[in-house]
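The values are calculated or read from the model by the stated rules, or taken from the named source; none is laboratory data. On a predicted model such as this, the values are computed, not experimentally measured, just so you know. Positions of Cβ are generated from backbone atoms using ideal geometry, with glycine treated the same way; all protein chains shown enter the neighbour counts. The protein model used for the area step is the full one, side chains on, heavy atoms only, and it has no ligands, DNA or RNA in it. Shrake-Rupley method; radii C 1.70, N 1.55, O 1.52, S 1.80 Å.
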Amino acid sequence: MSTEEPPVPELFEEVIGQPRAVAQLRAAARRPVHAYLLHGPSGSGKRAAARGLAAALLCPQGGCGVCNTCRRALAGTHPDLVLVERTGAALSVADAQTIVTRAQRRPFEASRQVLMVADVHLARDSIPALLKTVEEPPPSTVFVLLADDLPPTLATVVSRCLQVPFDAVPVAAVVAWLVDHGVDPEHAGTVARASGGSLDRARLLVSDDGFVARQHQWRSVPTRLDGTGAAAAAVSSELLAAADDALAPLRQQHAEELLALADQADAVGAKGVPGRKQVEEGHKRQERRWRTDDLRFGLATLAEVYRDRLVAAVEADDGSHSSGSAAGGRRAVRRAEAIDEASAALSRNPNESLLMDALMVELSGMLD
Ligand SMILES: [Zn+2]
């Protein structure tokens, strides 16, 4: 427990499970630099952290957390906190031009302005323009760049900024956050383990009615496999169909995002959304990743069922070393291992239905 830190929890209270980043931001706010780069996986709290940092930089008291300036900065409504979001799939040259123009503007109220730029990892052609303005901003402009990862092309930009790394949010922190928001602790635990350390994903899963149903479906697999190939094939295709259904909330979000882009385009009289195809490709990539994560979590749930059986077999063994329970234990170990292997294979972009069919056949005991 540090006693030197001033008690300003209000600035970063929405940043969950990132003590290292928060400590770094607090120190950085006391000695401001002209450019910060907050980087880490999506859903790890970078935007909330950037708003907290902006409050510290704009507030006349250095981030009291309670004044009007702090409150508006934290809400993202302060006129000297400017958020620049990409208008298409990548952070384009036109977006960089917007950033350069905004950077030259004088602050409205505060002694400086904070220019927050989202998705800097998606900058390509715009990197030279971005680099130039980040290198030499007007003295009253502070950059807070946000990136999900740091591609090598970004190296020069990265080197001009104070870097603040974010990690995936630890499961325990996601659980605590969900429980704080009124989610039942048991459900919170399941959602947190499936969230992959992303609060955004946890937020979507918690309101996804299908999530609990999918959990039951995975847990019931061993009782549904009756040793026939027909049952194995049926279970495999149902699980894959359920993984498709799992995408519904994300697809909904993506559809809304496209609608908003279309409205924006309408408002400026553009013919269609600029870079629509790339936006859609980005959505597809995210949906594939989400689907793989969902399958992987389902497989982990299933492996847990077999590990529970192993524990039961060991307990039933009870020193009598009956051959039945020992064989059952060995089988459960083999099944759990086969599931872990299938889960690892998912990252190698396999034919999913072949992979799942083969796994279900193996779990059916047809190969024993
Ligand atoms: Zn304040």
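Name the pairs whose Cβ atoms lie under 6 Å apart, with the first residue in the stretch 207-221 and modelled with pLDDT under 90, the second surrounded by 12 or more Cβ atoms within 10 Å (Cβ to Cβ), and 6 or more positions between them or separate chains?
Hits for this filter: Asp208/Pro249; Gly210/Asp245; Phe211/Leu205.
Of the residues in the stretch 90-118, how many are in a loop (DSSP other than H, G, I, E, B), open to solvent by 20 Å² or more (accessible area, probe 1.4 Å) and under 20 Å from Val279 (Cβ atoms)?
2
Among the residues of the stretch 119-141, what is the count of those that are under 16 Å from Arg160 (Cα atoms), of a type in the set (Asp, Glu) and in a loop (DSSP other than H, G, I, E, B)?
1
Being open to solvent by less than 50 Å² (accessible area, probe 1.4 Å), within 30 Å of Ile339 (Cα to Cα) and of a type outside the set (D, E, K, R) is true for just one of Leu240, Leu261. Which residue is that?
Unique residue meeting the criteria: Leu240.
Out of Val169, Val164, which single residue is in contact (Cβ under 8 Å) with a residue 40 or more places away in the chain and closer than 30 Å to Tyr306 by Cβ?
Testing whether each residue is in contact (Cβ under 8 Å) with a residue 40 or more places away in the chain and closer than 30 Å to Tyr306 by Cβ leaves just Val169.
Residue by residue, here is whether (1) polar (S, T, N, Q); (2) modelled with pLDDT of 95 or more; (3) in contact with a Ser or Thr (Cβ under 8 Å, 6 or more places away or on another chain) holds:
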residue	(1), (2), (3)
Ser92	yes, no, yes
Val117	no, yes, no
Ser126	yes, no, yes
Leu130	no, no, no
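Under 7 Å between Cβ atoms, which residue pairs at least 6 apart in sequence (or on different chains) link something in the stretch 71-94 that is at positive phi with a partner that is surrounded by fewer than 20 Cβ atoms within 10 Å (Cβ to Cβ) and of a type outside the set (Val, Ile, Thr)?
If the second residue must be surrounded by fewer than 20 Cβ atoms within 10 Å (Cβ to Cβ) and of a type outside the set (Val, Ile, Thr), the pairs left are Gly76/Leu83.
Name every residue in the stretch 18-44 that is more than 16 Å from the ligand (Cβ to nearest atom), crowded, with 18+ Cβ neighbours inside 10 Å and part of a helix (DSSP H, G or I), in order of residue number.
Ala21, Val22, Gln24
Among the residues of the stretch 45-89, how many are more than 8 Å from the ligand (Cβ to nearest atom) and among the hydroxyl-bearing types (Ser, Thr, Tyr)?
2
So which pairs qualify, if the first residue must be in the stretch 270-298 and at positive phi, the second must be open to solvent by less than 30 Å² (accessible area, probe 1.4 Å), the Cβ gap must be under 6 Å, and the two must be at least 6 apart or on different chains?
Pairs found: Gly275/Gly88; Gly275/Ala89.
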